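Working notes, beginning with the structure itself.
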Amino acid sequence: MPLIQVKVTEEVFTPIQKNEIVRKLTNATLSIEEETVSPFNWITIEEICNGEWSIGGHAMTTGAKRTVAANRK
């Protein structure tokens with residue numbers, strides 16, 4: 001039975017979006033495993049504090065992620 005851990009920067013995803021992440025990851029694992037393991041499919045979403053992780057030596061903040069996302073549109 002899978003345990004999937006998702007880590008995101010705080011305040012990036014809404015509760016509705018987090019529910020969608022859980023639903024889609026559950027469906028993805030169920031497409032591989034049998035439906036009978038559904039009650040044992042664990043998914044956790046951990047919010048990392050703003051600026052608490054870095055990419056390429058630079059702190060990744062919620063604001064920086066929003067700027068990147070806005071530029072991709």
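General observations
- Test: residue in the stretch 14-26 that is in a loop (DSSP other than H, G, I, E, B) and under 15 Å from the mean Cα position of the chain (by Cα): yes
- Annotation note: Cβ proximity below 8 Å between a residue of the stretch 51-68 that is within 17 Å of T14 (Cα to Cα) and in contact (Cβ under 8 Å) with a residue 12 or more places away in the chain and a residue that is surrounded by 12 or more Cβ atoms within 10 Å (Cβ to Cβ) and small (G, A, S) (sequence gap 6+ or interchain) occurs for T61/G51.
- Among residues of the stretch 7-55, those that are touching a Ser or Thr at 6+ places or on another chain (Cβ under 7 Å) and either open to solvent by 100 Å² or more (accessible area, probe 1.4 Å) or more than 18 Å from R66 (Cβ to Cβ) (or both), counted: 4
The values are calculated or read from the model by the stated rules, or taken from the named source; none is laboratory data. Computed from a predicted model, the values in this text were never measured in an experiment. When we count neighbours, we look across all protein chains shown, and the Cβ atoms used for this are built from the backbone with ideal geometry, even at glycine. Heavy atoms of the whole protein, side chains included, go into the accessibility calculation; ligands, DNA and RNA do not. Shrake-Rupley method; radii C 1.70, N 1.55, O 1.52, S 1.80 Å.
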